[in-house]
Amino acid sequence: MTHPAGSLLIAQDLRKTYGPTTALDGAEFSIHPGEVVAVMGPSGSGKSTLLHCLAGIVTPDSGSITYNGREVTSMSDSERSALRRSEFGFVFQFGQLVPELTCVENVALPLRLNGSSRKAAERTALGWMERLEVDDLRKKRPGEVSGGQGQRVAVARALVTDPRVLFADEPTGALDSLNGERVMELLTEAARSTNAAVVLVTHEARVAAYSDREIVVRDGRSRDMERVV
Amino acid sequence: MSVRQWSRDLAMGTRFAFAGGREGWTRALLTAVGVGLGVALLLLTTAIPNALAERDRREEARSDHTFSQQEIPKADDTLLVVDADTTYRDQDVRGRLLEPDGPKAPRPPGVAAFPADGEMVVSPALKELLASDDGKLLRERLPYRISGTIGEQGLVGSQELAFFAGGKGLEQRLEGPASGARIDSFGNDDLGSSDPWDPVLLLLVLVVFVVLLMPVAVFIAAAVRFGGERRDRRLAALRLVGSDSRMTRRIAAGEALAGSVLGLVLGTGFFLLGRQLGASAEVFHVSVFPSYLNPSPLLAALVAVAVPTAAVLVTLFALRGVVIEPLGVVRTAKPARRRLWWRLLLPLGGLAMLYPMIGQGRDQGDFNQYLVVGGVMLLLVGVTALLPWVVETVVARLGSGGVAWQLAVRRLQLSSGAAARMVNGIAVAVAGAIALQMLFAGVEGDYTASSRYDVSRAQMSVEVPEGARTAATIGEYRDTEGVRKVTALSDVYLGDRRDEPDSFAQITVADCASLREVATLPSCRDGDVFAVKGSQYDSESDHLAKPGTTLWADAGDTARSGDREVSWTVPKDIRQAQPREDPTGNERGGILLTPGALPGSLKAHLSTQLFLSLDLSKADAYDHVRNTAARLDPTSQPMTWNSIERNDRYATIRTGLSVGAACVLALIGASLLVSQLEQLRERRKLLSALIAFGTRRRTLSLSVLWQTAIPIGLGLLLAATVGMALGAVLLRMTNMKIRVDWPSVLSMTGIGAAVVLVVTLLSLPPLLKLMRPDGLRTE
Amino acid sequence: MSIGHTLLGLLESGPRHGYDLKRAFDEKFGHDRPLHYGQVYSTMSRLLKNGLVEVDGIEAGGGPERKRYAITEAGITDVERWLATPEKPEPYLQSTLYTKVVLALLTRRDAGDILDTQRSEHLRSMRILTDRKRKGDLADQLICDHALFHLEADLRWLELTAARLDKLREAVTR
């Protein structure tokens, strides 16, 4: 499969096994800046593994991943960590907000990891919380806010570093449809406004409908629907 | 509420403890291992008095010293025994030379047949030592053929080094300096009625026990709460299917009960295992046989009942501030602030119980044991009550810092109770240990005679008996490996009259170099004679040292009638010398003679002491000297000089404390590690997410370190405070000056801190493993 | 639903009589609405005329139901194209999709592809609706939501069918 020029993140022929189970079996992927791509497929098809590989969290057994012209698979662990810190943002379904920190501290965390001072980081964080309409929660802890609010805080945290790529793994998985939609709207709007690419893993069509195109992962193989049709 | 209801719920909890799949099993097992370690330690402690009593009993049974003045006549049921104790490296070897007078001579316990001349029977540990490379030097010292081993009955510990060697002509040795006797039986009943314990020593023993057992109790209480968060989820699920709030609590208690009962079983196993292992180990020169370590049945039964009961009560107590709802466990967002007043009551109550005994000292008779135990316990429990408050209060005020610091502080703010619980055990142990160390340091002056030996001048001394070939002996030592210098001082006491002298003068004979060790001489040539003036310990000889005075040897000792009368006249050219402390710390007076001034007739009356200065950089210098001594005379016992001599019983208690503290800290360290790992496992998903968005591993590791270091730091601070307060009170009770023993305070807190550091280090590899992204996989 | 394409598809596995075709159709797809002979007859003559089928042989006795039909190359291509073209997302099109999936399975084509293509088509519609919703007022939002939920229901059915393809293959090819 050829990838269109100008792609920000390209993966080719990714293979990954966990023990006896094959998670990826020759998967392909590419995304442009500012594009929202939904990764769909049944559970266990390997879509989360694809996301983890793309984000440099997991190293594939074979295949190549290029981000902005750099080969991700040959980076050291600390290089990949730095990449994730500064270029990528993450939203997961569960367990991502540190329960002990207040919401604003959670949002500021990635900036602090990048070395910003506490004050500056929290100021920027608050700006993002305003955009995601959760600035009134700044002093609360994650345990004291609702699921939808928590997820918006998580989105704010993912966007606070102005990432080039936002990885979202079932970001609305634990939310009802109204909350889920609101989160998706805010997420895609924010991403578009900063020209960030979004890799959106979901099995929900209504969530995938916020994407520009989708790829389907089945049995570890990906299928780019736009180019097939 | 019926008993049936209770037992049904408890039983259900028990089932849950084991039916929860792998997770449930792990939890139950962790609890059980924790409780088991505690139980093993409890059982061990209850067995120690028995073990010590058993050692005493065996020691008595093999005793071969008669304390009666009457000599037993030689018969066919008597035995000659001469001590041949020796020391190898830092281990004492019990040695005896045996010569049976007839076929019915009593055999020592554990010895099947008398060793023939040139043979010996040895303890298993000694046999092993002799066979090993380590025992090479000792083998030279004991040139006997091994003809058998000493049975358990004849030994006080599995690792004891002991031998019985056959000898000939021992009767002559009884005349000499060797200690020995003719006996018709082993064992001595008189030893049994030893003096009653000094009240201060008894106080020490009581405090040691309380101090060692308190952390174990705290530890058990913590162990039954392993896996708290997961249990919460399970309890919520129970509520969902319809159990009411109180039932749920009882079911939780049942789970703890199951863990603690399994812990009892494991603990018994650990104890039996430890008992066997204990036989192969030697701690501070004390080893025991497994059979010694039998806990008294009453105490063991008490442990068996108290531990599960405590587990249930602790669980119910721990759940008091928790609302278990069907959809989750709710700890109110802002838990009620910990109140200080009742927490302060405990240590204050402890002080109040100890206060009446202040100033009693040892002269006022016994301390009230119950008040002592109660007071010390309350003070130490006070630590566990105060610590959560201290941690909460301090942590709430901690300011900003790096990300790692922020993560740690915020976590502590949210769950300061859990953090405090983790370090409670260490805090109690350290507080108790500090108090004890202070007490020991105070008592040390009384129970430790600081010896006056000057170990920089000589490190060993040997007696050369009267009439021996002194010059040859000195040569032997001089040629011994590791000996740098031999100072030989011979002396004899001469009286002022031939019969029934009033005063004696000590005559010291040595070459010039050696004489300078005992006095400051103006100059010295062979043939010189000096009188020492102004010695602290000798005023008598001043008037005897006048020129022309005639002094008599053995005057007054009419038993030696066979000897010729020997006299010596103080020469005219006697000169003055200034006294100087000799290596033993004595200032001798009397008259100093160089060998050239010594009349031949006096030579036979000299007894000689050699002071050996060793090259301590040479390994085994001491043992080379002992080998030489044994070659010259197997019964000789060269003295090794230490700067401090301790009262034996005091040393035993200190040993007990050290052993116990080591066990307790190891135990607590293990439990810290377990709960640390459990916490990490519960946060696995969060850790993976943090790693996903690029958190450095270093940051997370550091936050884990802070998370333990902050509460431990506070705990140690509190422990040091309470420990010093308790120590001060105990010192006042024994009427001693309050003096803070800073080195021991620092070393105890240092050990506590080291435990935390080790635990953190050990939990790092699993942490790094948990931080792998696999944790993100949800399916 | 296109009866013509369905009958063509059924012919792919081998020539059949008109009567056989009706029976096969009824068995696989016509659970509550069996075909009339007339429908078969008229459809087959249209296909014949378009060159998509040819007469393979006629049995004695004559009559349209006695003719044996076989599919032509052009016919196969036609089936192929039909299967590959996603249906316009609209309510209640499961029966057509179902027919397509079963036909694909019968003719050993990749039924998963059909489902993926269809999902893509659905998502395209949903994107348009979602976009409209974002820009529209509350009325727009409610109207779009209605359509979105229907489309989502289709998609759920697609997912479910995709998950059960192996079972379905077993059932229809038995």
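The values are calculated or read from the model by the stated rules, or taken from the named source; none is laboratory data. Because the structure is a prediction, the values reported are computed rather than measured. Methodologically, a virtual Cβ is constructed for each residue, glycine included, from the backbone with ideal geometry; neighbour enumeration extends over all protein chains shown.
From the list A:Val198, A:Val207, exactly one residue is crowded, with 23+ Cβ neighbours inside 10 Å, within 11 Å of another protein chain (Cβ to nearest Cβ) and hydrophobic (A, V, I, L, M, F, W, C). Which is it? Steps first, answer last, please.
Details: A:Val198 fails: within 11 Å of another protein chain (Cβ to nearest Cβ).
So the residue among A:Val198, A:Val207 that is crowded, with 23+ Cβ neighbours inside 10 Å, within 11 Å of another protein chain (Cβ to nearest Cβ) and hydrophobic (A, V, I, L, M, F, W, C) is A:Val207.
Taking the conditions exactly as written (within 9 Å of another protein chain (Cβ to nearest Cβ) and in a strand (DSSP E or B)), does A:Ala82 satisfy them or not? Give the derivation first.
Numbers: within 9 Å of another protein chain (Cβ to nearest Cβ): yes; in a strand (DSSP E or B): no.
So A:Ala82 does not fit the description; no.
Out of B:Thr749, B:Thr708, report the one residue that is part of a helix (DSSP H, G or I), over 26 Å from the mean Cα position of the chain (by Cα) and either of a type in the set (Ser, Thr, Tyr) or under 30 Å from B:Phe440 (Cβ atoms) (or both). Full working, then the answer.
Values: B:Thr749 fails: over 26 Å from the mean Cα position of the chain (by Cα).
Just one listed residue meets the conditions, B:Thr708.
Kindly indicate whether any position in segment B:94-117 is more than 20 Å from B:Arg626 (Cα to Cα) and within 25 Å of the chain's Cα centre (by Cα).
No, segment B:94-117 contains no residue that is more than 20 Å from B:Arg626 (Cα to Cα) and within 25 Å of the chain's Cα centre (by Cα).
Does segment C:98-124 hold any residues that are among the small types (Gly, Ala, Ser) and at the interface with chain A (Cβ under 9 Å from one of its Cβ atoms), and which are they? It would help to see each step written out before you state the result.
Going through segment C:98-124, the residues among the small types (Gly, Ala, Ser) turn out to be C:104, C:111-112, C:120.
Once the filter is applied, which keeps residues that are among the small types (Gly, Ala, Ser) and at the interface with chain A (Cβ under 9 Å from one of its Cβ atoms), segment C:98-124 yields C:Gly112, C:Ser120.
I'm checking my understanding of the structure. Among residues of segment B:402-434 that are in contact with a Gly (Cβ under 8 Å, 6 or more places away or on another chain) and under 22 Å from B:Glu682 (Cα atoms), which one is farthest from the other protein chains (Cβ to nearest Cβ)?
In the first step, residues of segment B:402-434 are kept if they are in contact with a Gly (Cβ under 8 Å, 6 or more places away or on another chain); the result is B:409, B:418, B:420, B:423-424, B:426-427, B:429-434.
Filter once more, so that each one left must be under 22 Å from B:Glu682 (Cα atoms): B:409, B:418, B:420, B:423-424.
Numbers: B:Val409: 8, B:Ala418: 12, B:Ala420: 16, B:Val423: 18, B:Asn424: 21 Å.
Taking the candidates together, the pick is B:Asn424.
Go through segment A:103-123 and count every residue that is hydroxyl-bearing (Ser, Thr, Tyr) and within 8 Å of another protein chain (Cβ to nearest Cβ).
Of all residues in segment A:103-123, those hydroxyl-bearing (Ser, Thr, Tyr) come to A:116-117.
Subsequent filtering for residues that are within 8 Å of another protein chain (Cβ to nearest Cβ) retains none.
Qualifying residue count, segment A:103-123: 0.
Go through the residues of segment A:5-21 one by one and say whether even a single one is more than 28 Å from C:Arg124 (Cβ to Cβ), touching a strand residue (DSSP E or B) at 6+ places or on another chain (Cβ under 7 Å), among the charged types (D, E, K, R) and surrounded by 15 or more Cβ atoms within 10 Å (Cβ to Cβ).
yes
Which one of A:Pro33, A:Pro42 is in a loop (DSSP other than H, G, I, E, B) and more than 10 Å from every other protein chain (Cβ to nearest Cβ)?
Going through A:Pro33, A:Pro42 in turn, the sole match is A:Pro33.
Being touching a residue at least 60 places away in the same chain (Cβ under 8 Å) and over 17 Å from A:Ser45 (Cβ atoms) is the filter here; which residues of segment C:115-174 pass it?
Within segment C:115-174, C:Leu151, C:Asp154, C:Trp157, C:Leu168, C:Arg169, C:Val172, C:Thr173 qualify.
Run down B:Ala692, B:Ala728 and say which single residue is within 14 Å of chain A (Cβ to nearest Cβ) and either in contact (Cβ under 8 Å) with a residue 60 or more places away in the chain or not hydroxyl-bearing (Ser, Thr, Tyr) (or both).
B:Ala692
Can you spot a residue in segment A:54-67 that is more than 11 Å from chain B (Cβ to nearest Cβ) and in a loop (DSSP other than H, G, I, E, B)? Spell out the reasoning first.
Start the filter on segment A:54-67 by keeping residues that are more than 11 Å from chain B (Cβ to nearest Cβ), which leaves A:54, A:60-67.
Filter again for in a loop (DSSP other than H, G, I, E, B), leaving A:60-61.
Yes: one or more hits.
Can we say A:Phe92 is over 22 Å from B:Gln406 (Cα atoms), in contact with a Phe, Trp or Tyr (Cβ under 6 Å, 6 or more places away or on another chain) and not small (Gly, Ala, Ser)?
Values: over 22 Å from B:Gln406 (Cα atoms): yes; in contact with a Phe, Trp or Tyr (Cβ under 6 Å, 6 or more places away or on another chain): no; not small (Gly, Ala, Ser): yes.
Judged against the criteria, A:Phe92 is not a match.
Looking at the structure I just gave you, is A:Glu28 more than 12 Å from chain B (Cβ to nearest Cβ) and within 18 Å of A:Leu159 (Cα to Cα)?
Details: more than 12 Å from chain B (Cβ to nearest Cβ): yes; within 18 Å of A:Leu159 (Cα to Cα): no.
Considered against the rule, which asks whether it is more than 12 Å from chain B (Cβ to nearest Cβ) and within 18 Å of A:Leu159 (Cα to Cα), A:Glu28 comes out as no.
Kindly evaluate B:Gln364 against the criterion of being at pLDDT below 80 and surrounded by 15 or more Cβ atoms within 10 Å (Cβ to Cβ). Reasoning before the result, please.
On the way: at pLDDT below 80: yes; surrounded by 15 or more Cβ atoms within 10 Å (Cβ to Cβ): no.
Spelling it out, it is not the case that B:Gln364 is at pLDDT below 80 and surrounded by 15 or more Cβ atoms within 10 Å (Cβ to Cβ).
Scan segment A:89-99 and give yes if some residue there is aromatic (Phe, Trp, Tyr) and either more than 19 Å from B:Arg683 (Cβ to Cβ) or crowded, with 20+ Cβ neighbours inside 10 Å (or both), otherwise no. Show your work before the answer.
Quick first cut of segment A:89-99, residues aromatic (Phe, Trp, Tyr) only: A:90, A:92, A:94.
Remaining after also requiring either more than 19 Å from B:Arg683 (Cβ to Cβ) or crowded, with 20+ Cβ neighbours inside 10 Å (or both): A:90, A:92.
There is at least one residue in segment A:89-99 that is aromatic (Phe, Trp, Tyr) and either more than 19 Å from B:Arg683 (Cβ to Cβ) or crowded, with 20+ Cβ neighbours inside 10 Å (or both).
Test each condition in (1) buried (at least 17 other Cβ atoms within 10 Å of the Cβ); (2) basic (Lys, Arg); (3) within 27 Å of B:Ser415 (Cα to Cα); (4) in contact (Cβ under 8 Å) with a residue 12 or more places away in the chain for A:Arg164 and report the one that comes out false.
(3)
Based on this model, can you work out whether C:Asp154 counts as farther than 14 Å from C:Pro89 by Cβ and either surrounded by 13 or more Cβ atoms within 10 Å (Cβ to Cβ) or of a type in the set (Ser, Thr, Tyr) (or both)?
no
Which pairs turn up if I take residues in segment B:515-527 that are within 16 Å of B:Gln609 (Cβ to Cβ) and look for partners that are surrounded by 10 or more Cβ atoms within 10 Å (Cβ to Cβ) and of a type in the set (A, V, I, L, M) with beta carbon separation below 7 Å, at least 6 apart in sequence or on another chain?
Sorted first by the residue in segment B:515-527, then by its partner, the pairs are B:Leu515/B:Leu521; B:Leu515/B:Leu592; B:Val518/B:Leu489; B:Ala519/B:Val532; B:Ala519/B:Ala577; B:Ala519/B:Leu592.
Would segment B:533-544 turn up any residue that is within 26 Å of B:Arg457 (Cβ to Cβ), part of a loop (DSSP other than H, G, I, E, B) and at pLDDT 80 or above?
No, every residue in segment B:533-544 fails to be within 26 Å of B:Arg457 (Cβ to Cβ), part of a loop (DSSP other than H, G, I, E, B) and at pLDDT 80 or above.
So which of B:Gly374, B:Gly425, B:Gly445, B:Gly382 is at pLDDT 85 or above and not β-branched (Val, Ile, Thr)? Full working, then the answer.
On the way: B:Gly374 fails: at pLDDT 85 or above; B:Gly425 fails: at pLDDT 85 or above; B:Gly445 fails: at pLDDT 85 or above.
None of the others qualify; the one that does is B:Gly382.
When the residues of segment A:120-134 are filtered to those that are at pLDDT 90 or above and charged (D, E, K, R), which remaining residue is farthest from B:Thr695 (Cα to Cα)?
Looking at residues that are at pLDDT 90 or above and charged (D, E, K, R), I get A:Glu130.
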